[in-house]
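This report concerns only the one structure given below.
The values are calculated or read from the model by the stated rules, or taken from the named source; none is laboratory data. Note that the structure is predicted; figures quoted are calculated from it, not measured. Positions of Cβ are generated from backbone atoms using ideal geometry, with glycine treated the same way; all protein chains shown enter the neighbour counts. Accessible surface areas use protein heavy atoms only, side chains included; no ligands, DNA or RNA. Shrake-Rupley method; radii C 1.70, N 1.55, O 1.52, S 1.80 Å.
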Amino acid sequence: MIQLKRGREKSLKRRHPWIFSGAVEKVSGKPQSGDTVELRSASGEVLARAAYSPQSQIRARVWTFDTAQEVDAAFFRQRITQALALREGLPAAKHGNAMRLVHAESDGLPGLVVDRYADVLVAQFLAAGVERWREPIFDALAELTGCSAIYERSDAETRKLEGLEARAGFVRGNREASRCPIIEYGLNFKVDVEQGQKTGFFLDQRENRQQVRALAAGREVLDGFCYTGGFAINALAGGAARVTAVESSAPSLEVARENLAANALDGPKVEFVHADAFSHLRTLRDRGAHFDLVVLDPPKFAPTAAQARNAARAYKDINLLALKLLRPGGLLATFSCSGGVDAALFQSIVAGAALDAGVEAKIIERYSAAADHPVALQFPEGEYLKGLLVLRA
Ligand code: SAH
């Protein structure tokens, strides 16, 4: 049982799922990491059942606000069933075979991420609570999805904050995991679930890649952080005149080349550049290069608000360069996946970049993560990806 300090039950009453260490008055009953505990207010009212994580600053993550509900294998089966039902109803389900099936807190399963790549599932356990329930979760996932192979990718840095070791490998089935083919809106991509970034593919950008595809016809396109070619290949599929795709990771570029070859597209129109985008965009500017559509989807510069200042500098730098590379009438699709930089801050950074670049520009669309990455209304931290489509005058 965890008893909270006076007044610290407020966030629970708003149904926020996290209890920070500073809110804890006392812990009784000697719970172990991952055990289910009751959360009580200072006056003794039982408010929720949660997973205990003694090493994390997030000391407890709520499983349920229904204090009579058992947290057992059936509980996880039910939550996963609900998460799957949400995805089955999404329009994107008809246009591909890759989707985020479980999006952690926003699906009522704190710390659990599950992505589906065709008939392979990739699962990440990022908190002590879900770690405790790994086996029943694997059983439920295998049974409810019918996928024969499950790869565990519990190698994210955040596990250290929970006192958990990294773990990766097949936990169900076994197969060649380094190139799992998927289809997204008629395009072929290979997903390296073992070595790729995150779980192998950035599913959150699925719908935004379609936006870029729809805008690309006849344009010269620059994709600044191309990973395995997501935006670049969509731009080509949308009829881009030329595509320059920059990426600093050589293995990602190798997959990008394979992905290009896996589609019936005019491959020679794409130039892959193995470089640091910050310096390569400067090089392009110095050469007097220009583009009609620039996509910037950089990595997470600021995981938390504490890193927001440095992140802001990096975002401003790259957006300023991109705006300078745009011809008049050109478009910039610019993204931030940093939890520590919210939509308002991101917009002001891009505004600052336009000011310093000496260009007039306006926002004509706003983007967010695809619908298989829901944001629970009581968990605004779940909102991390934001994008702007900016038209240069
Ligand atoms: N838009 C991609 C995902 C991009 S993820 C898609 O749709 O799939 C961000 C990418 O930026 C990663 O592949 C990472 O390797 C790359 N990256 C990180 N720092 C970089 C840098 N300084 N220059 C170029 N690429 C970089």
Paramagnetic reach from D66 (point 7 Å along Cα→Cβ, amide N under 16 Å) across the range 22-46: none
Of the residues A51, A376, A68, which exhibits the maximal mean-square fluctuation in a Gaussian network model of the chain defined by a 10 Å Cα contact cut-off? A68
Nearest 500 deg cm²/dmol is fine: what mean residue ellipticity at 222 nm does the chain get from its DSSP H runs of n ≥ 4 alone, each adding -39,500 (n - 2.57), divided by its residue count? -8500 deg cm²/dmol
How much of the accessible area of the range 233-304, in percent, comes from carbon and sulfur atoms when a 1.4 Å probe is used? 51 percent
Rounded to two decimals, what is the ratio between the C-alpha radius of gyration of the range 202-392 and 2.2 N^0.38 Å? 0.97
If you consider only alpha-carbon coordinates, what radius of gyration and Dmax does the range 261-306 have, in Å? 14.8, 45
Would you compute the Debye intensity of the range 73-178 from its alpha-carbon atoms alone, equal scatterers and no solvent, and pass along log10 I(q)/I(0) at q = 0.14, 0.15, 0.19, 0.22 Å⁻¹ to two decimals? -0.51, -0.58, -0.94, -1.25
Over all directions, the chain yields a Cα convex hull whose mean projected area in nm² is 19.2 nm²
Label R14 and E365 with points 7 Å out from Cα along Cα→Cβ: what is the distance between them in nm? 3.3 nm
Per residue, how much accessible area does the chain have with a 1.4 Å probe, in Å²? 43 Å²
In nm, to one decimal, how far is the modelled label at E258 from the one at Y185, with both set 7 Å along Cα→Cβ? 2.4 nm
Pull out the extension gain between K26 and R6, defined as 0.36 nm times the separation in residues minus the alpha carbon to alpha carbon distance; nm, one decimal. 6.0 nm
According to the Cα gyration tensor, what semi-axes, each the square root of 5 times an eigenvalue, does the equivalent ellipsoid of the range 55-112 have, listed from largest to smallest in whole Å? 26, 15, 8
Flagged links, alpha-carbon separation over 31 Å, of K190/K324; K94/K316; K190/K300; K10/K30; K269/K316; K13/K160: K190/K324; K94/K316
Send over the per residue convex hull volume for the range 2-64, Cα only, as a whole number of Å³. 68 Å³
Charge tally in the Cβ shell below 15 Å around V243, where Lys, Arg are +1 and Asp, Glu are -1, V243 excluded: -1
How are the Cα pair distances of the range 193-263 distributed, in percent, across 5 Å bins from 0? 4, 18, 26, 28, 16, 6, 1, 0
Starting from the 7 Å offset along Cα-to-Cβ, what nm value, one decimal, do you get for the label separation of S279 and A42? 5.6 nm
